[in-house]
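Engineer: Take a look at this one; I'll ask things after.
Here, each number is a calculation from the coordinates, and none is a lab measurement. For clarity, every value in this text was computed on a predicted model and none was experimentally measured. Positions of Cβ are backbone-derived with ideal geometry, glycine not excepted, and every protein chain shown enters the neighbour counts.
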Amino acid sequence: MPESYTRRENRQRVGLTFKAVRRAVAGADMSDLEPARDRIRARAEERGEREADQMWRELEGARSAAATAKVQADLATGRDRAAAKRAAKDAERNVERIQRKARKYL
């Protein structure tokens, strides 16, 4: 599952880690730290799933737009053809940009 931690959650995780280390050195009980860590991770996983779903929707939309632009470039004539080809290339670049970003969610 992809995880997406906020800055606050990262600070909380670091704080919990330091608490756990201090308690481990002291030989104290650390059972109360586990639920807090699990809650933070569950929120991050849920957020990561939502972000991944949105990223895949964006990618599908960009692919559809690129396909439409390519067909329009193929059908264009005269002066419109150059502009349509530029639009198709721009749409392909957009797909590639989104694909690079989407690799994070694989």
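Engineer: For region 67-88 and region 3-24, what is the separation of their Cα centres, given in Å?
Structural biologist: First find each Cα centre; the distance between them is then 53 Å.
Engineer: Show which lysines lie in cross-link reach of Lys85 when reach means a straight Cα distance below 23 angstrom and same-chain residues fewer than eight apart are skipped.
Structural biologist: Within the straight-line limit of under 23 Å, Lys85 reaches these lysines: Lys70.
Engineer: Whole-Hz ³J(HN,Hα) for each residue in region 87-104, computed from phi via Karplus 6.51 cos²θ - 1.76 cosθ + 1.60 with θ = phi - 60°, x for glycine and proline: what do you get?
Structural biologist: 5, 5, 5, 4, 5, 5, 4, 5, 4, 4, 4, 5, 4, 4, 5, 6, 4, 4
Engineer: Less than 27 Å apart at the alpha-carbon level, and either on another chain or at least 8 residues along: which lysines does that give for Lys104?
Structural biologist: By straight Cα distance, Lys104 reaches Lys89.
Engineer: Which distance in nm do the two modelled labels at Arg50 and Arg22 give, with both placed 7 Å along the Cα-to-Cβ direction?
Structural biologist: Label-label distance for Arg50 and Arg22, simple model: 3.3 nm.
Engineer: Name the residues whose placed amide hydrogens come within less than 5 Å of the amide hydrogen of Met30, ignoring near sequence neighbours (fewer than 5 apart) on the same chain.
Structural biologist: none
Engineer: Follow-up. At 222 nm, what value in deg cm²/dmol follows for the chain if DSSP H runs of at least 4 each add -39500 (n - 2.57) and the sum is divided by all its residues, to the nearest 500?
Structural biologist: -29500 deg cm²/dmol
Engineer: Further question on the same structure: Can you tell me the alpha carbon radius of gyration of the chain divided by the globular rule-of-thumb value 2.2 N^0.38 Å?
Structural biologist: 1.81
Engineer: Using a cut-off of 20 Å between alpha-carbon atoms, which aspartates and glutamates can reach Lys19, once sequence neighbours fewer than 8 places away in the same chain are excluded?
Structural biologist: Lys19 reaches Glu9, Asp29, Asp32, Glu34, Asp38.
Engineer: Can I ask one more? With θ set to phi - 60°, apply the Karplus curve 6.51 cos²θ - 1.76 cosθ + 1.60 along region 72-82 and write out the HN-Hα couplings as whole Hz, x wherever there is a Gly or Pro.
Structural biologist: 5, 5, 5, 8, 6, 9, x, 5, 5, 4, 5
Engineer: Okay, moving on. Would you list Lys101, Lys70 from fewest to most Cβ contacts within 10 Å?
Structural biologist: On the way: Lys101 12, Lys70 17.
Listing Lys101, Lys70 from fewest to most nearby Cβ atoms yields Lys101, Lys70.
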